[in-house]
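Asker: First the structure, then my questions, so here it is.
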Amino acid sequence: MADGTDTKSSNQMWGGRFASGPAAIMEEINASIGFDKKLFAQDIRGSIAHATMLAHQGIISTEDKDKIVHGLNTILSEIEAGNFEFSRSLEDIHMNVESRLAALIGPAAGRLHTARSRNDQVALDFRLWVKEELQKCEQALTGLIAAFLDRAEEHADTVMPGFTHLQTAQPVTFGHHCMAYVEMFGRDRSRVRHAIEHMDESPIGAAALAGTGFPIDRHMTAKALGFREPTRNSIDTVSDRDFAIEFLSIAAIAGMHLSRLAEEIVIWSTPQFGFVRLSDAFSTGSSIMPQKKNPDAAELVRAKTGRINGSLVALLTIMKGLPLAYSKDMQEDKEQVFDAAESLELAIAAMTGMVRDMTINAARMKAAAGSGYSTATDLADWLVREAGLPFRDAHHVTGRAVALAESKSCDLAELSLEDLQAIHPAITDKIFDVLTVEASVASRKSFGGTAPSEVRKQIAFWRARN
């Protein structure tokens, strides 16, 4: 897509300035129709709004406007039916549509490009596309959050090990673990909503970079296209791709969250963990090892994060050195966004399916929750709360108890009262009330804690806002 206001529908769109056509290599590097044809619906929608405004302002006749709108709707039907022939020699979606419009309605087609440029036209098309994609992401993330809320409610009491450094730390519930992802994807959805608000301005009417001398009504076109208002600076309007970069930033953060979840599913589904089992719908087998059930869907979600991150870095790099206003470098923005959007949309859908479909092995989780002396902190807290020890002293006493349990190859709860009193005489038999994993999670009633009662409060909170 390039600078230009010439409305001629020939293969050479540059008019009389150039005497000869471009070399084949120039045509190859210059054409964008191979990917920007994805913007056909937005391009036609924007042109209909622009033509309607031009007629309302008396810039073109109502008769010409009616011909233009009818012709554009015909082209839309042709493209949707697969009957439209896109031409590389016409460079981009704008000129392909305009050329076909001229063939359909004749000279009236030439009036459509009055008071606009391909610069503000592509800014409009791309912004409309990204806005619609953000709205799809909002819906997809809402579905993923709902899937986690259902699993959290189902497993609010299911005990599992909580990890730091991938080492057993303290017992938590699987419901609490699910709610951690609700918080993550909830933040992603908030970023999506804020991005829609940031970009909700209409570029059309900025023309090439300086605005136009025609008496257009930019507020009218903004309203017709569902924008809050028109943009306020014509130079910034045609050179801005912040909305695309913000989309990619959101996609990269959401992709990172999806990848962390995918990594956990890969780990949890191994025989060594056995916490979850994926259905056949999200697994594959091995060509040589018949016993294998591979978590390929999770692995591919994890991998797609790299593609999304690459798209973000690519567009940041494209934009970082561009002077105002439009430069042809900006033609390279769309493929990055299209690819990232497709990757993110697929990854969210796959992860939503896996979360809803996977089988939870609660018994295996509970058995693992008690490993690694996961209730050691509960022993230290009890010594502070019941015996009045400073926490650092309680930490030291607990460390000695863990060392003793290790030497006896038993859990903390399996040590005798005599063993524990030999370490510190203030310990009583009430200590055994806190050394089970169930007692440990039930005691964590601080706001946002893992106690089942607190998990259910957070589930209720998120159900009300989802």
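Read-outs throughout are calculated quantities, based only on the coordinates presented, and are distinct from any laboratory measurement. Because the structure is predicted, anything quoted here is derived from the model rather than measured. Counting neighbours? That spans all protein chains shown, and the Cβs are built from the backbone with ideal geometry, glycine included.
Asker: Apply the Karplus curve 6.51 cos²θ - 1.76 cosθ + 1.60, θ = phi - 60°, to the phi angles in the range 411-421 and return the couplings in whole Hz, x for Gly and Pro.
Answerer: Each residue's phi maps through the Karplus curve to give 7, 4, 5, 8, 5, 7, 4, 5, 4, 6, 5 Hz.
Asker: Continuing with this model, one more query. Would you mind putting 168-174, 196-202, 341-347 in packing order, based on average other-beta-carbon counts within 10 Å, highest first?
Answerer: Final packing ranking: 168-174, 341-347, 196-202.
Asker: Moving on to the next point. Would you mind calculating the relative contact order of the range 323-411 from Cα pairs under 8 angstrom and at least 6 residues apart, reporting the percent as a whole number? Don't skip to the end; give the middle numbers.
Answerer: Numbers: 24 pairs, mean separation 17.9, N = 89.
With pairs under 8 Å counted, the relative contact order is 20 percent.
Asker: OK, next. Gain in length, LYS320 to GLU342, computed as 0.36 nm per residue apart minus the alpha-carbon separation, to one decimal in nm?
Answerer: Taking 0.36 nm per residue and subtracting the Cα distance, the gain is 5.5 nm.
Asker: So, in nm, how far is label ARG392 from label SER416 when the simple model puts each one 7 Å beyond its Cα toward the Cβ?
Answerer: 3.4 nm
Asker: Further question: With a ≥ b ≥ c the root eigenvalues of the C-alpha gyration tensor of the range 198-357, is it rounded (a/c under 1.5), prolate (a/b larger than b/c) or oblate?
Answerer: prolate
Asker: For the ranges 422-435, 322-335, what's the packing order if you count other beta-carbon atoms within 10 Å of each residue, average per peptide, and put the highest first?
Answerer: Packing order, densest peptide first, comes out as 322-335, 422-435.
Asker: For a quick check: with amide H placed at 1.01 Å from N, whose amide H comes under 5 Å from MET160's, ignoring anything fewer than 5 positions away on the same chain?
Answerer: Amide H to amide H, under 5 Å and 5 or more residues apart or across chains, MET160 pairs with VAL172, THR173, PHE174.
Asker: Between the helical axis of 118-154 and the dominant principal axis of the chain, each derived from Cα atoms, what acute angle in degrees is found, rounded to the nearest 10?
Answerer: The two axes meet at around 20 degrees.
Asker: For the residue pair LEU166 and VAL402, what label-to-label distance in nm results when each label sits 7 Å from Cα along the Cα-to-beta-carbon direction?
Answerer: Inter-label distance under the simple model: 2.0 nm.
Asker: A follow-up question, please. Which percent, nearest 5, of DSSP beta bridges in the chain are antiparallel?
Answerer: Here the antiparallel bridges make up roughly 80 percent for the chain.
Asker: Enter the angle in degrees (range 0 to 90, nearest 10) between the Cα long axis of helix 333-357 and the first principal axis of the Cα atoms of the chain, meaning the one along which they spread out most.
Answerer: 40 degrees
Asker: If packing is taken as the average count of other Cβ atoms within 10 Å, what order do 305-317, 40-52, 388-400 fall into, highest mean first? Display every interim value, and only then the final one.
Answerer: Numbers: 305-317: 18.4, 40-52: 22.6, 388-400: 15.4.
Ranking the peptides 305-317, 40-52, 388-400 by packing returns 40-52, 305-317, 388-400.
Asker: Among the lysines, select those whose C-alpha is under 30 Å from the C-alpha of LYS457, and discard any that sit fewer than 8 residues away in the same chain.
Answerer: Straight-distance partners of LYS457: LYS136, LYS366, LYS430, LYS445.
Asker: I need the phi-derived Karplus couplings for the range 69-82: 6.51 cos²θ - 1.76 cosθ + 1.60, θ = phi - 60°, integer Hz, Gly and Pro marked x.
Answerer: These are the phi-based 3J(HN,Hα) values: 5, 4, x, 5, 5, 5, 4, 4, 4, 5, 5, 5, 7, x Hz.
Asker: Can you compute 3J(HN,Hα) from phi for each residue in the range 36-41, using the Karplus curve 6.51 cos²θ - 1.76 cosθ + 1.60 with θ = phi - 60°, rounded to whole Hz and x for Gly and Pro?
Answerer: 7, 5, 4, 8, 4, 5
Asker: Could you calculate the FRET efficiency of ASP429 with SER371 from 1/(1 + (r/R0)^6), where r is the beta carbon distance between them and R0 is 22 Å, rounded to 0.05? Provide the component values of the computation, followed by the final result.
Answerer: On the way: r = 24 Å, r/R0 = 1.09.
In this case the efficiency is close to 0.40.
Asker: Let me ask another. Calculate the length of the line joining the C-alpha centroid of the range 375-407 to that of the range 163-233, in whole Å.
Answerer: 48 Å
Asker: In degrees, nearest 10, range 0 to 90: what is the angle between the Cα axis of helix 391-408 and the longest Cα principal axis of the chain?
Answerer: Here the helix axis deviates by roughly 70 degrees.
Asker: Given axes a ≥ b ≥ c from the Cα gyration tensor, I'd like to know whether the chain is rounded (a/c under 1.5), prolate (a/b larger than b/c) or oblate.
Answerer: prolate
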